[in-house]
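J.: Sending over a structure as structure tokens; questions will come in a sec.
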Amino acid sequence: MAKSISRYTGEYLLTNGQTVQTTKSELDISDGWRYNDYSKEEQELIQCCMERYREIAPHIYIHEGEDNLTTDEIAEKVKKHIMNKGKKPVVAIDYLQLLGAPKGGERLDDKQIVDKNVMALKRIARDYKVPIIVISSFSRAKYNEKVSLSSFKESGKIEYTADVAIGLQLKGVGQPGFDADAAKVKDERDVQAVVVKNRKGEMGSVIDFSYYPKCNLFEEKKNG
């Protein structure tokens, strides 16, 4: 919740022509001791963004993943949600490589577990007719290369099963002389979302963003 409220403070400041560097971080929001030092304007900004979050909060359901959360448990949660709410959810998995082995798959290696889980998530999406957004880590060796399907860690079935695959990269990565460490310390980073697969639409699109790490805000750049 603190991350979302922090992000809203960044959006508010940008919308009103102010610098996002004065935004409130997640810790600024969650650490009550800091509030004694905030000005009236700062406290009003946080309160305004809390009220904005209050509008969307009733529509967000967070299920903390215990160790070895399985796709069977995810399917059961989706089923119960539809039964209890009468609505189909958008499911977000954070993140793929943390899911446990499927039943009977205790002896599988990491790649085999990811492959099994990707296929199981595809079945959940199909059986319950719900969209599933799956966050995946990158292979460490791919951090300083341009995004491709091979960037996704244990990527076997991701390449064949996902309807859409989008990767995030720092602008300029993979080019001669690019310094990733220097790019990562900036208060405003140039980041690109690259559509590396799209089963039902255009592929290869690149969308440019300004990323503000202090408030975890992605702001799409307007290119004409």
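J.: Percent relative contact order of the stretch 18-114, based on C-alpha pairs within less than 8 angstrom and at least six residues apart?
T.: Computed over the stretch 18-114, the figure is 21 percent.
J.: Can you give me the solvent accessible area of Phe138 with a 1.4 Å probe, rounded to the nearest 10 Å²?
T.: 40
J.: Using a 1.4 Å probe on the protein chains only, how many percent of the accessible area of the stretch 107-224 belongs to carbon and sulfur?
T.: Carbon and sulfur atoms account for 50 percent of the accessible area of the stretch 107-224.
J.: To continue, here is another question. With N residues in the stretch 1-132, what two-decimal value do you get for its Cα radius of gyration over 2.2 N^0.38 Å?
T.: Taking the Cα Rg and dividing by 2.2 N^0.38 Å, one obtains 1.41.
J.: 222 nm [θ] for the chain, helices only, -39500 (n - 2.57) per DSSP H run of 4+, per residue, to 500?
T.: It lands at -11000 deg cm²/dmol.
J.: Let me ask another. Taking the chain as a Gaussian network, where each spring joins two C-alpha atoms under 10 Å apart, which residue of Gly105, Gly204, Gly86 fluctuates the most?
T.: Comparing Gly105, Gly204, Gly86 in the GNM, the peak value goes to Gly86.
J.: Suppose R0 equals 25 Å. What FRET efficiency, 1/(1 + (r/R0)^6) with r the Cβ-Cβ distance, do Ala193 and Ser30 give to the nearest 0.05?
T.: Efficiency, from the Cβ-Cβ distance: 0.35.
J.: Tabulate in residue order the Karplus-calculated ³J(HN,Hα) for the stretch 18-29, using 6.51 cos²θ - 1.76 cosθ + 1.60 with θ = phi - 60°, rounded to whole Hz; enter x for Gly and Pro.
T.: 9, 7, 6, 5, 8, 5, 9, 6, 4, 5, 4, 7
J.: Which residue, Ile62, Phe152, Asn84, has the largest displacement toward the positive end of the dipole of the stretch 53-169 when charges sit on each Cβ (Lys, Arg +1; Asp, Glu -1)?
T.: Asn84
J.: For Glu145 and Ala2 in the same chain, what is the full-extension length gain: residue separation times 0.36 nm, less their Cα-Cα distance, in nm?
T.: 48.3 nm
J.: Next question, about the same structure. When the chain is fully extended, how far beyond the present Cα-Cα distance does Asp163 get from Ser205, taking 0.36 nm per residue of separation?
T.: Result for the pair: 13.6 nm of gain on full extension.
J.: What nm value, rounded to one decimal, do you get for the distance between Glu44 and Lys80 when each label is placed 7 Å out toward the C-beta?
T.: 4.4
J.: Which whole-number value in Å² is the accessible area per residue of the chain, probe 1.4 Å?
T.: With the other protein chains kept in place, the chain gives 66 Å² per residue.
J.: Quick check: the distance between the Cα centres of the stretch 63-120 and the stretch 175-208, to the nearest angstrom?
T.: 28
J.: Based on the alpha-carbon gyration tensor of the stretch 90-207, what equivalent-ellipsoid semi-axes (square roots of 5 times the eigenvalues) come out, in whole Å, largest first?
T.: Three semi-axes, in Å: 28, 17, 12.
J.: How high is the relative contact order of the stretch 66-170? Use alpha-carbon pairs under 8 Å, at least six apart in sequence, and give a whole percent.
T.: Relative contact order, the stretch 66-170: 28 percent.
J.: Let me ask something additional. If only Cα atoms are counted, what is the Rg of the stretch 143-224, and what is its Dmax, in Å?
T.: Cα only, the stretch 143-224: 13.7, 38 Å (Rg, Dmax).
J.: Moving on to the next point. Compute the relative contact order of the stretch 110-224 as a whole-number percentage, counting only Cα pairs closer than 8 Å that sit 6 or more residues apart in sequence.
T.: 19
J.: So how compact is the stretch 104-143: Cα radius of gyration and Dmax in angstrom?
T.: That works out to 12.7, 36 Å for Rg and Dmax.
J.: Continuing with this model, one more query. Express in % the proportion of alpha carbon pairs of the chain at distances exceeding 30 Å.
T.: Every Cα pair in the chain considered, those over 30 Å come to 39 percent.
J.: Here is a follow-up. How far apart, in nm, are the 7 Å Cα→Cβ label points at Ile56 and Lys88?
T.: Each label point lies 7 Å from its Cα, and together they span 2.2 nm.
The values are calculated or read from the model by the stated rules, or taken from the named source; none is laboratory data. Fair warning: this is a prediction, and the values are worked out from it, not measured in the lab. Virtual Cβ from ideal backbone geometry, glycine too; neighbours counted across all protein chains shown. We work out accessible area using only protein heavy atoms, side chains counted, and drop any ligands, DNA or RNA first. Shrake-Rupley method; radii C 1.70, N 1.55, O 1.52, S 1.80 Å.
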